[in-house]
Structures are given as structure tokens and as C-alpha cells.
Amino acid sequence: MSTAIKDLSPQHVWGYFYALTQIPRPTGQMADVTRFVRTFGQELGLETKQDEIGNIVICKPASKGLEDRKTIIMQAHLDMVPQKNASTQHNFATDPIETYIDGEWVTARDTTLGADNGIGVAYMMAVLSDPTLTHGPLEMLFTIDEEVGMDGAVNLKPGFLKGNTLLNADSEQEGELFVGCAGGADLNISFQYKDETTIPEGDVAIKLSLTGLKGGHSGVDIHLGRANANKLMFRFLKEAVCDYGARLSSIDGGSLRNAIPREAFAVVTIPGDNTESLWELVSDYQDLYNEEYASVENKISFIAETIELPTTLIPEEIQDDLINAIEGVQNGVISMLSDFPGTVETSSNLAIVKSTEGLIDAKILTRSSSESRKLAICSSLESVFSLAGARVEYGNSYPGWQPNINSPILQSMEKIYEQKYGVKPLVKVMHAGLECGIIQGAYPTMDMISFGPTIKSPHSPDEAVHIKSVSNTWDLLLDILAQV
């Protein structure tokens, strides 16, 4: 049952996390969760402020005798990524997350868990509510709508915060300290057309369903080589169109710009005489995909079923241009960082391809630690789609967070970690986007670091947080607050 996680240690951290799972909080739906946090701070009798965009700061005075210490800011975001398996009827706008314990992990039933970044929020609430802790002056910054556009951080104004040292609680690997991250930008691509209403005589309609892929976070998991459902679907469609006379009626692949697409669906028509051959082709591609991704994915399902004829088709020229463009675009890891071996520098994620009446929308999220390479990959992708006749617009561009190896908070946390565990923590740059670089735009001199417990498969229904790492990270946080 969901309530079982409240008995885990540390109980107050897990208790607050459980409370968050009961509040629907997908990106863009922040009213209930911000009210919850604001009321929490006010009921504790602590100074609680909310800015115009919705970010909240709760201030906690220093422990007796530590009033002269520098103010430490902790920061986490309140929203979560809403991803679910096709088999569930879960409604992220109204339903709580159903959590359960799976061995050493806490996960959710057929949906994302929201440990990204709910555990960070729970740490902050636990610190605020415990009068026995030792620490200097604290500011807890709860930002909104991070997962799409980072709106809270983008709209953070100078003067809202007093501190100059920030602990970001949005990292996902215990024992690692992050000192930089990639920036990102969206490409919004559209094909406009007039639907064709004449279906070739003798054609039958087939629905293609590609499901079962792992998906995942387009920053954290992009280096794992997981399959992109949109790329696989269009790889098949190219052969189906070229060799079997298929015509595309609709496409629906992926759902979120920052999640590797796990599912894709298409409706095509084909000459009736080619039905058996197409069935065999679908089966062949299912075997091929499972063979190619045997060491990366679980069982990939690719099936075809006969349905009623659609009323419209995508014009053949638009169909062909779309297929060729999707086949041609770069997707996945593009370059690696030389200064931080094993870390992705630049990537792209073909996140969404969806048709509606007279319109096909595609969305790609590009990431890079290099601003110039981010612009270069955006230009490359734009060129492919522009040649195909699409309209391409940029959106939600945000800067990376440049590493500072001389950071005072980094030096302090390295020392504390080594004293506590007898080994040095790994110091890394993250390919996923963090709010640190954006916050630094409003607070240029702020010293920052990011850390957190181990979370696997964020942005997918396989998301899970490691129980022991939550406890270990909490213990580390208490040492940091007591000593810095």
C-alpha cells in the first residue's frame, strides 16, 4: 500500500514525500502544491514568501549561537513529469501517485514516482520542521514548473533571496557532487497541409502500435542507447511506404519534450493485396528491434491491427517529406566532454511527433554544455526540417551551468564527505538541465552545488528511488548544514 513508505527511515522525510504523492502536481498544475508548501511554512511560524510566478521561499533562523554564519539556500522544484503505462487509467490532474516498496527501492504503480524532485522537497520540509537540528540561517527555495521551460527559475528576480550559497537537491546519484550542467533549447517543428479525403480504392486501414520501450530522462539516460519510439516507427514507415504502398493517415509518438519516447502509434492504409505482406513486415521489424536492442531494452512490442478506414490521409508529398526528415535527423548522443570523461556534451531527443487535422507537430529537445555547439546542433536540425518544407521555431532556450572547480561549497562538501565516508565523492558535470545556471543569471556571484539520492529511470514509469541512499543523503545533508 502507498502508506507503507511512511514507515521508512528517516520517517519525517518519507512522510513529507508521501504527502507530496497525494497532491497532483504535473508541470503547469502548481496551485495545490504551492498552497500546501506555503501553508506548511506559515503553520511553522516561519517567514514565508511567494513571488509573482509562484516560487516560494521559507526562511528558518539559525540555531542559537550560529546567527553570524552565512545564509545557506536549499532548492528543489515542486513539479513532476507525468508519464504512465498505456495499461493504466491514472489521471495526473486528479489522482494521487500509488507508491510501493520493491526490495531496496520505492517506485510507483505504472506511473512516474515524482522522486524527481519530490525527495528534494521532502528533505527541505524535514529540515524546516525539525527544531533540534544545528545550522546557520536557512532559505528554502521551492521553484515551480521546472520540467517544461524551467519557468520558476527563469522568472526568479534579484532580491528574492538573501543567501549566496545554494544547495540544489535535484541530482540523482548518491556519492556524486555536480558542479555544472548542460543548457538546452526546444525546436518546435510544424508541417501544415490540407487533408486528402480520397482513400485509394481497395485500401484497408492498419493501426501500428510500438510499445514497451523503457524511455527515460532525455538528459540522464540519453547515453544508455535506449530506443526512441519515433525513430523506430519512421524507420518502419519508410519501407512500408516505399515497398508496400502504405499511406499515412495519422501519427502519435511520444508525449513530453524531456522524455525519451516510449510509445508511438500510426494509422496507415495499404492496398488490400498487401495486407499479409505488411503483417509479416511488422513481425520482422519486431524481431529486428528486439535483436538490435536486446542488451538495452525489455521486450519491444510492435503489432498491427485492422481498423475502420480513416476519413483523411496526409498528402503524399507531406508524408514523404516528414518520413525523410525524421529518418535524417540526428538523435541521441552527438558529442562527449573531454574534461569529464563519460559525460555527454551534446545530444538531441526527437521527443514528439503528432498529427492533428491539417497539422503535424514535432518537438526536439537539444542539450549541450557548450553554447556554441547547442546552437550548431539546433541549426543542423533546423536545416533538415527546413529542406523538408517545415516551419521551425526555437523556444525555451536556457543556459548551461559552467563548472567552478574552485567553488568554496564544493571544497567544503568534499571535505565533509571524505571525513564521513573515508573516500572522496565523485565531482561531475550533468548532461540533464538543472536550474542552477538559470538562477545564476539572477544571482551571478552565487556559489552552487547539486547532490541527491540515487534515482533510476526518472521521467518514465520505471522511476524508482533507492531507500538507503535517501537515508545516507539525509545524514550527509545534516552534516553539511551543521558545519558550513
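The antiparallel fraction among DSSP beta bridges confined to the chain stands at about 80%.
Taking a ≥ b ≥ c as the square roots of the Cα gyration tensor eigenvalues, with a/c under 1.5 meaning rounded and otherwise prolate when a/b beats b/c, else oblate, which class fits the stretch 55-200? Let's see the in-between values first.
Details: a/c = 2.83, a/b = 1.74, b/c = 1.63.
Prolate shape, in that a/c is at least 1.5 and a/b is the bigger ratio.
Taking θ as phi - 60° and the Karplus parameters 6.51, -1.76 and 1.60, the scalar couplings of the stretch 326-343 work out to 4, 4, x, 6, 6, 8, x, 6, 10, 8, 10, 7, 7, 7, 10, x, x, 9 Hz in sequence order, x denoting glycine and proline.
A crude spin-label estimate for the pair THR445 and GLU67, with each label 7 Å from Cα along the Cβ direction, gives 2.4 nm. Computed extension length for GLU276-LEU224: 15.2 nm, one decimal, from 0.36 nm per residue of separation with the Cα-Cα distance subtracted.
So how do 374-381, 250-257, 354-361 stack up, highest first, on mean other-Cβ count within 10 Å? Spell out each step's value before the answer.
Numbers: 374-381: 18.0, 250-257: 21.2, 354-361: 15.1.
Ranked from most to least packed, the peptides come out as 250-257, 374-381, 354-361.
Amide H contacts for GLU345 (H built 1.01 Å from N in the peptide plane; partners 5 or more residues away or on another chain; cut-off under 5 Å): SER335, MET336, LEU337.
Modelled label positions at LEU426 and ASP479, each set 7 Å beyond Cα in the direction of Cβ, lie 1.9 nm from each other.
A viscosity of 1.306 mPa s and a temperature of 10 °C, combined with the Kirkwood radius over C-alpha pairs in the Stokes-Einstein formula, give the stretch 185-397 a diffusion coefficient of 90 µm²/s.
If you take all other residues with their beta carbon under 9 Å from the beta carbon of ASN155, and give Lys and Arg +1 and Asp and Glu -1, the sum is -2.
Only helical DSSP H runs with n ≥ 4 go in: add -39500 (n - 2.57) per run for the chain, normalise by residue count and round the 222 nm mean residue ellipticity to 500 deg cm²/dmol. Write out the running numbers ahead of the final one.
Numbers: 11 runs with 145 residues, N = 484.
After summing the helix terms and dividing by the residues of the chain, the value is -9500 deg cm²/dmol.
Using a cutoff of 8 angstrom between alpha carbon atoms and counting only pairs six or more residues apart, the relative contact order for the stretch 185-397 works out to 34 percent. Restricting the calculation to Cα atoms, the stretch 350-484 yields a radius of gyration followed by a Dmax of 20.1, 63 Å.
Here's how it looks for ALA259: its modeled amide H is under 5 Å from those of SER218, which are all 5 or more places away or on a different chain. For a modelled paramagnetic label at CYS242, 7 Å from Cα along Cα-to-Cβ, the residues of the stretch 317-347 in reach, with backbone nitrogen under 11 Å, are 324.
A straight chain from ILE303 to ASP284 at 0.36 nm per residue would run longer than the Cα-Cα distance by 5.8 nm. Here the Kirkwood formula, the inverse mean of 1/r across different C-alpha pairs, assigns the stretch 403-448 a hydrodynamic radius of 12.1 Å. Each peptide in 215-223, 314-322 was scored by the mean count of other Cβ atoms within 10 Å over its residues; highest first, the order is 215-223, 314-322. 3J(HN,Hα) along the stretch 197-202: 10, 9, 8, x, 4, x Hz, from the Karplus curve 6.51 cos²θ - 1.76 cosθ + 1.60 with θ = phi - 60°, whole Hz, x for Gly and Pro. Both numbers refer to the Cα atoms of the chain; Rg and Dmax are 24.1, 85 Å. Restricting attention to the stretch 185-397, lysine pairs at least eight places apart or on different chains and with alpha-carbon atoms under 15 angstrom apart total 6. For the stretch 272-318, taking Cα atoms only, Rg and Dmax work out to 14.4, 41 Å respectively.
Quote the relative contact order of the stretch 328-484 in percent (integer), defining contacts as alpha-carbon pairs under 8 Å separated by 6+ residues. Provide the component values of the computation, followed by the final result.
Working: 163 pairs, mean separation 24.7, N = 157.
About 16 percent, as a whole number.
How tilted is helix 275-292 with respect to the longest principal axis of the chain? Cα atoms for both, answer in degrees (0 to 90, nearest 10). The angle comes out at about 30 degrees.
Could you work out the mean projected area of the convex hull around the alpha carbons of the stretch 1-131, in square nanometres to one decimal?
Seen from a random direction, the Cα hull of the stretch 1-131 projects 9.2 nm² on average.
Counted by Cβ distance under 13 Å from ILE326, the other residues give a net charge of +1, where Lys and Arg count +1 and Asp and Glu count -1. Qualifying GluC sites (Glu not before Pro) in the stretch 134-232, where qualification requires a DSSP coil assignment and no more than 15 other C-beta atoms within 10 Å, comprise GLU201.
Readers should treat all values here as calculations from the given coordinates under stated rules, not as data from a laboratory. Values in this document were obtained by computation on a predicted structure and should not be read as measured data. Counting neighbours? That spans all protein chains shown, and the Cβs are built from the backbone with ideal geometry, glycine included.
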